[in-house]
Amino acid sequence: MIAQPVRDFNAYDKDKHCAAPDDFRFEVRSMTLPDEIICRACPRNCGAVRTLTEGGGFCGAPLLPRIARAAPHMWEEPVISGRSGSGTVFFSGCSLRCVFCQNYDVSAGNFGKTVTVERLREIFQELIALGVHNVNLVTADHYVDAVLCALDRPLPVPVVWNSGGYQKADTLRRLEGKVQIYLPDMKYSDSEAARRYSAAPDYPDAAKAAITEMYRQTGPYVIKDGIMKSGVIIRHLVLPGQLKNTYGVIDWVADTFGPGQVLFSLMSQYTPMGRAANYPEIDRRITSSEYRRAREYMEKKGVTDGFYQEKSSAKEEYTPPFDLTGVE
Ligand code: SF4
């Protein structure tokens, strides 16, 4: 059954469209998406028509999800990957498309395979059967309708919403109760850097509002036996020559959250990829001095709940092969 088109993304009635039949069993579902929406799901506010198979907006995403890979991943923060791995599902398309993206074929090239909501739920189950600690949805923001349908009944492990931080609080509110762990980037405090590298000068304000909403939903982080059960981890990737941007991010986190509230993950793994060669000032790795200064600033500001990477951490395993593993 195809439901009626919905004219405004945020007016979409998930109870109506995701209703499960009375004879629900874990494997057998009847989940439906609208066949068309006008999308304003993210701060791009495209107002684009998206159908089940065609995407007309900035992200290029249709309503049915496209996936590039679904497999256990060992290279997230230790409280996410643990010993058994994080069940990562890499979605295609992106509403940011940073020029330095390490997954450019997936984010801008839309590499992936389109799957049904039922298949998406099966993929979650297959990952859980492998013993992963969580189901980790990477850049799923533009597929929020399909994901909500697939999460209509709770999973036995936490759901991680792993995003670029460029989200609308209204859209995030639809995920309340479905997502236990938010793993947003906070890429920029500097709107000029956000404009130059992601064509999103409103990124700093959007990310602050989004992360505030995430924390409202989860509350302070909870870790049991070394594995995160709920909460927010804010990631920041240090960019070459952009320490002022990094300091601004740390300032906001320090001013907004207290000890025991959120985790902060300072990342050193920047590698010039995507279109970075067209931006000479970021066409290099960060220096040891840049990363040391970022770490020192983090400590000086009292942001001590969290993680930092060894400077030598730019390993290839961080970017797994996008080869439809676990999708077909
Ligand atoms: S999710 Fe995609 S189509 Fe919708 S507003 Fe954002 S970029 Fe545009």
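Could you list, ordered by first residue, the pairs with Cβ atoms under 9 Å in which the first is in the stretch 205-221 and among the hydroxyl-bearing types (Ser, Thr, Tyr) and the second is part of a helix (DSSP H, G or I), at least 6 apart or interchain?
Final answer for the pair search is Thr212/Ala169; Thr212/Thr256; Tyr215/Thr256; Tyr221/Val79.
Identify all residues within the stretch 76-97 that are over 15 Å from the mean Cα position of the chain (by Cα) and at negative phi; write none if there are none. Outline the logic, then answer.
Going residue by residue through the stretch 76-97, those that are over 15 Å from the mean Cα position of the chain (by Cα) are 78-79, 81-85.
Of everything in the stretch 76-97, those that are over 15 Å from the mean Cα position of the chain (by Cα) and at negative phi turn out to be Pro78, Val79, Ser81, Arg83, Ser84.
Inspect the stretch 115-124 for any residue being within 25 Å of Leu239 (Cβ to Cβ), more than 16 Å from the ligand (Cβ to nearest atom) and outside any helix (DSSP H, G or I) and give the result as yes or no.
Within the stretch 115-124, not a single residue is within 25 Å of Leu239 (Cβ to Cβ), more than 16 Å from the ligand (Cβ to nearest atom) and outside any helix (DSSP H, G or I).
If we scan the stretch 49-65, do we find a residue that is outside any strand (DSSP E or B), more than 16 Å from the ligand (Cβ to nearest atom) and out of contact with any helix residue (DSSP H, G or I) (no Cβ under 7 Å at 6 or more places or on another chain)?
no
Confirm whether Cys42 is modelled with pLDDT under 95, within 16 Å of the ligand (Cβ to nearest atom), under 17 Å from Thr171 (Cα atoms) and in a loop (DSSP other than H, G, I, E, B). Spell out how you get there, then give the answer.
Numbers: modelled with pLDDT under 95: no; within 16 Å of the ligand (Cβ to nearest atom): yes; under 17 Å from Thr171 (Cα atoms): yes; in a loop (DSSP other than H, G, I, E, B): yes.
Criteria not met by Cys42.
Residue check: is Phe111 more than 16 Å from the ligand (Cβ to nearest atom), of a type in the set (A, V, I, L, M, F, W, C), touching a strand residue (DSSP E or B) at 6+ places or on another chain (Cβ under 9 Å) and part of a loop (DSSP other than H, G, I, E, B)?
When the stated conditions are applied, Phe111 passes them.
With respect to the numbered conditions (1) within 16 Å of the ligand (Cβ to nearest atom); (2) part of a strand (DSSP E or B); (3) of a type in the set (A, V, I, L, M, F, W, C); (4) surrounded by fewer than 23 Cβ atoms within 10 Å (Cβ to Cβ), which one is the sole condition not fulfilled by Leu137?
Result: Leu137 passes all but (4).
Taking Arg69 as the residue in question, decide whether it is away from the ligand (no atom under 16 Å from the Cβ), basic (Lys, Arg) and crowded, with 23+ Cβ neighbours inside 10 Å.
yes
Would you pick out the residues in the stretch 86-105 that are buried (at least 24 other Cβ atoms within 10 Å of the Cβ), of a type in the set (A, V, I, L, M, F, W, C) and within 16 Å of the ligand (Cβ to nearest atom)? If you could, list the steps in order and put the result at the bottom.
Residues of the stretch 86-105 that are buried (at least 24 other Cβ atoms within 10 Å of the Cβ), as a first pass: 86-96, 98.
Next cut, of a type in the set (A, V, I, L, M, F, W, C) only: 89-91, 94, 96, 98.
Passing the criteria: Phe91, Cys94, Leu96, Cys98.
Pairs under 6 Å by beta carbon, first residue of a type in the set (S, T, N, Q) in the stretch 131-157, partner within 13 Å of the ligand (Cβ to nearest atom) and not in a loop (DSSP other than H, G, I, E, B), six or more apart or different chains?
Every condition considered, the pairs that remain are Thr139/Phe91.
Condition first: of a type in the set (Gly, Ala, Ser), modelled with pLDDT of 95 or more and in contact with a Gly (Cβ under 9 Å, 6 or more places away or on another chain). Can you find one or more residues in the stretch 70-77 that meet it? Full working, then the answer.
Filtering the stretch 70-77 down to residues of a type in the set (Gly, Ala, Ser) leaves 70-71.
Filter again for modelled with pLDDT of 95 or more, leaving 70-71.
Those left that are additionally in contact with a Gly (Cβ under 9 Å, 6 or more places away or on another chain): 70-71.
Checking the stretch 70-77: at least one residue is of a type in the set (Gly, Ala, Ser), modelled with pLDDT of 95 or more and in contact with a Gly (Cβ under 9 Å, 6 or more places away or on another chain).
Checking the condition surrounded by fewer than 19 Cβ atoms within 10 Å (Cβ to Cβ) and more than 14 Å from the chain's Cα centre (by Cα), which residue from Leu120, Leu63, Leu52, Leu127 passes?
Leu52
The values are calculated or read from the model by the stated rules, or taken from the named source; none is laboratory data. Bear in mind the structure is a predicted one, so any value in this text is a computation, not a measurement. Cβ: placed from backbone, ideal geometry, glycine included. Neighbour counts: every protein chain shown.
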